[in-house]
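K.L.:
Could you have a look at this structure, given as structure tokens, before my questions?
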Amino acid sequence: MANYVNRLTKIPAVNFTADLNEDLWKNDAGGIAKISSCFIIVLLAVSLNGIIIYTVYKNKSMRRNINFFIVNMCVSDILLAIFNNVGILEPLITRSLKWKLYGDVGVITCKLFFFAESVPFLVSPLALLFINIERYRGISSVISGITSATRTLFLILSWIIPLFVYFPFLYFSKTSPDNSCDIEVDSYSKAFVIILASTFAAIYVSISIVCALIFYKLRSLETIDGLSEAQKQARMKRVRNATKMVMCSLVTFIVLTTPFPLSCYIGISMNFEIYDPFYANILFAVRFLISVNSVAGPCIYLIFLEDFRKKIKRSLLDKRTSQAKMILGMRCAWNFEKGAPKLLKMNKREQKANRNIEYGNKEQSA
């Protein structure tokens, strides 16, 4: 999170700028590589998630419940990648861990930025849970379908719950006397971390349980009445792929996002100094993995969900066809403009030759 490298440790007031200039950024090539990689990962995250969002927006046939939840995850991934990399890039570029705003404005912006970049962390797991609930409904004739009102409620809850869960960060985050944006580590913040970890664990367990129920339900195709055998098989395939997508997304999310809070916890427990180059590089690596998760999400959707692959492929083919038609039209117009003077000149020659022939015929008749 924004300057997490300083916030999560109790460090005495020192001149961080001097220490960082001498130790962390003495290798300019390494700093440039880190900055470049952050810009590239943000560009990939915004582009890939933007393609998924645009595909659903452009095609009415794609506006189904599961795809709305996927769009919701894409939005959270974009925000997470942007906020996370701003927190990484700002100290890398300025070579200082100090918060750049002072006074009341500095305190408010510190709290808001910390809060805003934390909220998207919980949105994706909640969206995955709601997708599983929707998929379970899809293979059970007993449970009524999710209506648009229920879907809207789930989408709102996927943001309201994180806002409520991370609200204490507005209290724990503050600027220190040396004007660094920190988390005050005390008994209350430690208790909050336990509650937060329990919340994530409960969501992970719930997703796993619903996935298990879905796969168990898939063993009995008779659960769907009123459908032909081919329709049942197609429905089962879609549900199975969607469930695999959820599990793969969940595992990827856990693997790529867990190392960061774990590293922060270890750093606090072992009293690591943030301006130690080794620990700072570790924190950069684990924070960079969070942005990798934002890029991995759209790739997972394309692997498991055939509808997205078909629509994106069709869009690319249509675009290529329209470009080919435009190029062909431009070539025809250019050839016409190039050949028109010659054609006009040839017509004038033919007209002159015809007049000479007519004049010669008149002389002969005379």
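The values are calculated or read from the model by the stated rules, or taken from the named source; none is laboratory data. Owing to the predicted nature of the structure, the values given are computational and were not obtained by experimental measurement. Backbone-built Cβ (ideal geometry, glycine too); neighbour counts: all protein chains shown.
K.L.:
Given the conditions (1) in a helix (DSSP H, G or I); (2) of a type outside the set (A, V, I, L, M, F, W, C); (3) at pLDDT below 85, and given that Pro177 satisfies all but one, which numbered condition is not satisfied?
P.N.:
(1)
K.L.:
Taking the conditions exactly as written (within 29 Å of Ile70 (Cβ to Cβ) and either assigned to a helix (DSSP H, G or I) or modelled with pLDDT of 85 or more (or both)), does Ile194 satisfy them or not?
P.N.:
No.
K.L.:
Of these, Val123, Val119, Val165, which one is of a type in the set (A, V, I, L, M) and surrounded by fewer than 20 Cβ atoms within 10 Å (Cβ to Cβ)?
P.N.:
The match here is Val165.
K.L.:
Another question about this same structure. What's the number of the condition Phe39 fails, among (1) modelled with pLDDT of 50 or more; (2) over 13 Å from Ile88 (Cβ atoms); (3) out of contact with any Cys (no Cβ under 9 Å at 6 or more places or on another chain)?
P.N.:
(2)
K.L.:
Cβ-Cβ under 7 Å, sequence separation 6+ or interchain: first residue in region 97-108 and of a type outside the set (Val, Ile, Thr), partner surrounded by 13 or more Cβ atoms within 10 Å (Cβ to Cβ) and part of a strand (DSSP E or B). Which pairs?
P.N.:
Pairs found: Leu97/Ser180; Lys98/Ser180; Trp99/Thr175; Trp99/Ser180; Trp99/Cys181; Gly106/Thr175.
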